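Engineer: Take a look at the following structure, please.
Nothing in this text is a laboratory measurement; each read-out follows from the coordinates by a stated rule. Everything numeric here is computed off the predicted structure, so don't read it as measured data. Backbone-built Cβ (ideal geometry, glycine too); neighbour counts: all protein chains shown.
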Amino acid sequence: MNSAAGTQNLLETGFNRWLERLAAILWGLALLTLPVTSFPYFPFFGPDTQVRPLSLYPTLALFPVLVIQLWRRKIKLWDESLTPLLVFMLIALLASALGALYAPLELRGQTYWGRVLRAWITLALGLMFFLYAIWMSRSPGQLRSSLRWLYSGLAISFIWGILQFLSNATLWVSKAAISRVQDLFTITSSASWGLRTPGFALEPSWLAGQLACLYLPWLFASLLNGYRISRHRWLEFVLLGMACISLILTYSRGGIALAFAATFLTALLTGREHLLRLWRWWLEPFHRAGSPAKPSGLSWTVRLGALFLLVAGVGGAFYILSRSDYFTQLWRSQKTDVVSYIVDIYAGPRLAYAWAALRAFAAHPWSGVGLGASGFYILRFLPDWSRTMIPETTIYLNPQSGAFLNPKNLYARLLAETGVFGFAAFVTFYFYLLGKVRSWLQDKERRLLGVAGLFTWFALALSFFTQDSFAMPSLWVNFGILLGLAAASRPITDK
């Protein structure tokens, strides 16, 4: 009997290890493939669906593994962070039911319930990434494994972005060959963006958003807290350089601005001590210049070398960005009023769509028009100036156009589709996350989580002004990992 019980225990232990290893590999593949945002080979996605994360394939394969683990009580089903999200979902469900009473007519082949179903599917996909990140991030070892996969995806995306840039800027790399490969991974060709590099994403701004919301938070927090995923202490510096170069090559005004703002605010709130220490290190040779123990030539060389690299990096970034009319239009525009200036810097369509969504909210402030249904109202509520100042809007107003417009602004979308209460519920969830970040910053063993969480929080809060899809994994993955790690019984810095 003892022998049989021992054999059963060994088999069960082996099965547990096999399941855990399989789950880790599938989750790793999901993190590795996050840069591919619009994979063309999804059989049930319509041609107008832009958010098509390749990582959806490994996450779907991971589903039965996690169901088994849930059934065997190896992972916990519920997390307290889901409570405010559940409140939001209940309000959105009510808004969807009330929105049907307004009976919007079919628009360009789209029906009300079709758009609502589609919106709920995208929300379910986002929540799936959120839950998976929580369940697969319960120990310091899992964090290191996740970051290795995540950084591998960043490195591959960087290499591909450099090849795209070279194909557009020089004759060293065949543009046709790059476009053929790009067609395997995304529904748009990289050749259509000129000097701007989208990487594996749908467009350059999506890549910039990924870098700012997904990769930079971990790299910044790791360097600020001395956290490393390997014995190579230079690795995070190299990866940070890759992320910054990739960000510059996107020429994304919004992505670069939100990355800079998130970095500045996070450094101001969490890194003042490090900045002060760096400043004192820089001034040390000057303080010792008149003392008997004069600074060595090496100390001067190191500081001058660091200053040269900083100036060269900033100067190189400005030189690269100045080659794009799209970017330099920010300061070359001669418009004096706000709306004309925004239109002149090629941001007019985004403002017009958000404006129309807010007008739909003003028409239905309490109930909203239903989750996913704001597109039925955007054409009706477009501002007058957009009909004459923006050629893109004129094209969409043509009855022959098949475009179904979206707000492209999550705040405006939530207000229009779920009303005041839905918007308040989602903002409550987001400030709940900020409360968790504050508690992590006050705990020395969780400070890494706090810095990464604060950077992510700022980056996402700003990115919501330019994106409105719930299915984007970058909206959910980082906070899922952080919330899962917050429940770890050991310090995050443990191996």
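Engineer: Using Cα pairs under 8 angstrom and six or more residues apart, how large is the relative contact order of the chain, in percent? All intermediate terms of the calculation are to be shown ahead of the outcome.
Structural biologist: Details: 668 pairs, mean separation 120.4, N = 495.
RCO, the chain: 24 percent.
Engineer: Evaluate E = 1/(1 + (r/R0)^6) for residue 444 and residue 176, where r is the Cβ-Cβ distance and R0 equals 51 Å; express this FRET efficiency to the nearest 0.05. All intermediate terms of the calculation are to be shown ahead of the outcome.
Structural biologist: Numbers: r = 54 Å, r/R0 = 1.07.
Taking R0 as 51 Å, the efficiency between residue 444 and residue 176 is 0.40.
Engineer: Along the Cα-to-C-beta direction of residue 48, a point sits 7 Å from the Cα; which residues of segment 364-384 have their amide N less than 15 Å from that point?
Structural biologist: Within reach of a label on residue 48: 372-380.
Engineer: What does the charge dipole of the chain about its Cα centre add up to, to the nearest 20 debye, if the Cβ of each Lys and Arg holds +1 and the Cβ of each Asp and Glu holds -1? All intermediate terms of the calculation are to be shown ahead of the outcome.
Structural biologist: Working: 42 positive and 21 negative charges, 258 e Å.
The calculated dipole for the chain is roughly 1240 debye.
Engineer: Find the centroid of the Cα atoms in segment 211-229 and in segment 19-78, then give the distance between the two in whole Å.
Structural biologist: For segment 211-229 versus segment 19-78, the Cα centre distance is 24 Å.
Engineer: Same structure again: For segment 325-413, what percent of Cα pairs sit more than 15 Å apart? Walk me through the numbers on the way to the answer.
Structural biologist: Numbers: 2338 of 3916 pairs.
Here the tail beyond 15 Å accounts for 60 percent of pairs.
Engineer: Moving on to the next point. Compute the label zone of residue 338 within segment 359-373: residues whose backbone N is under 17 Å from the point 7 Å along Cα-to-Cβ.
Structural biologist: Correct set: 359.
Engineer: Here is a follow-up. Calculate for the chain the 222 nm mean residue ellipticity that helices alone would give, adding -39,500 (n - 2.57) per DSSP H run of length 4 or more and normalising by residue count, nearest 500 deg cm²/dmol.
Structural biologist: Taken over the chain, the calculation gives -22000 deg cm²/dmol.
Engineer: Continuing with the same structure: Can you check what the Kirkwood hydrodynamic radius comes to for the chain, Cα pairs only, in Å to one decimal?
Structural biologist: 24.7 Å
Engineer: Something else about it: List the residues, sorted by chain then number, that are 5 or more residues from residue 52 or on another chain and whose placed amide H is less than 5 Å from its amide H.
Structural biologist: Result for residue 52 returns 38, 39.
Engineer: Okay, next question. Please list the non-local residues whose amide H lies under 5 Å from the amide H of residue 466, H modeled 1.01 Å from N, same-chain partners needing a gap of 5 or more.
Structural biologist: Under 5 Å from the amide H of residue 466: 410.
Engineer: HN-Hα J couplings of segment 214-220 from phi, Karplus 6.51/-1.76/1.60, θ = phi - 60°, integer Hz, Gly and Pro as x?
Structural biologist: Ordered by residue, 3J(HN,Hα) equals 10, 9, 4, x, 6, 5, 4 Hz.
Engineer: Quick one: how many lysine pairs in the chain have C-alpha atoms under 25 angstrom apart, if they're 8 or more apart or on different chains?
Structural biologist: Lysine pairs meeting the criterion: 8.
Engineer: What are the ³J(HN,Hα) couplings of segment 100-109, residue after residue, when phi is run through the Karplus curve with 6.51, -1.76, 1.60 and θ = phi - 60°? Round to Hz, x for glycine and proline.
Structural biologist: Residue by residue, segment 100-109 yields 5, 5, 6, 6, x, 5, 4, 10, 6, x Hz.
Engineer: Now, a different point. Hey, rough spin-label estimate for residue 72 and residue 302, points 7 angstrom out along Cα→Cβ, what's it come to in nanometres?
Structural biologist: Between residue 72 and residue 302, the simple spin-label model gives 5.1 nm.
Engineer: Taking DSSP loops as anything outside H, G, I, E and B, show the longest stretch in the chain free of GluC sites (Glu not before Pro) there with at most 11 other beta carbons within 10 Å.
Structural biologist: Of all site-free stretches, the longest is 107-495.
Engineer: Convex hull over the Cα atoms of segment 17-134, averaged projected area in nm²?
Structural biologist: Averaging across all directions leaves 9.0 nm² for the Cα convex hull.
Engineer: Could you derive backbone 3J(HN,Hα) for segment 302-317 from the dihedral phi with the Karplus parameters 6.51, -1.76 and 1.60 (θ = phi - 60°), listing whole Hz in sequence and x where the residue is Gly or Pro?
Structural biologist: In residue order, the calculated couplings are 4, 5, 5, x, 5, 5, 4, 5, 5, 5, 5, x, 5, x, x, 5 Hz.
Engineer: Go ahead and collect, in residue order, the members of segment 446-476 whose backbone nitrogen is under 17 Å from a label point 7 Å along the Cα-Cβ direction of residue 347.
Structural biologist: 459-468
Engineer: Need the full-extension length gain, residue 272 to residue 41, defined as separation in residues times 0.36 nm minus the C-alpha distance. One decimal, nm.
Structural biologist: That pair, residue 272 and residue 41, stretches by 78.4 nm at full extension.
Engineer: Given 0.36 nm per residue, what is the gain on full extension from residue 233 to residue 101 after removing their alpha carbon distance, in nm?
Structural biologist: 41.5 nm
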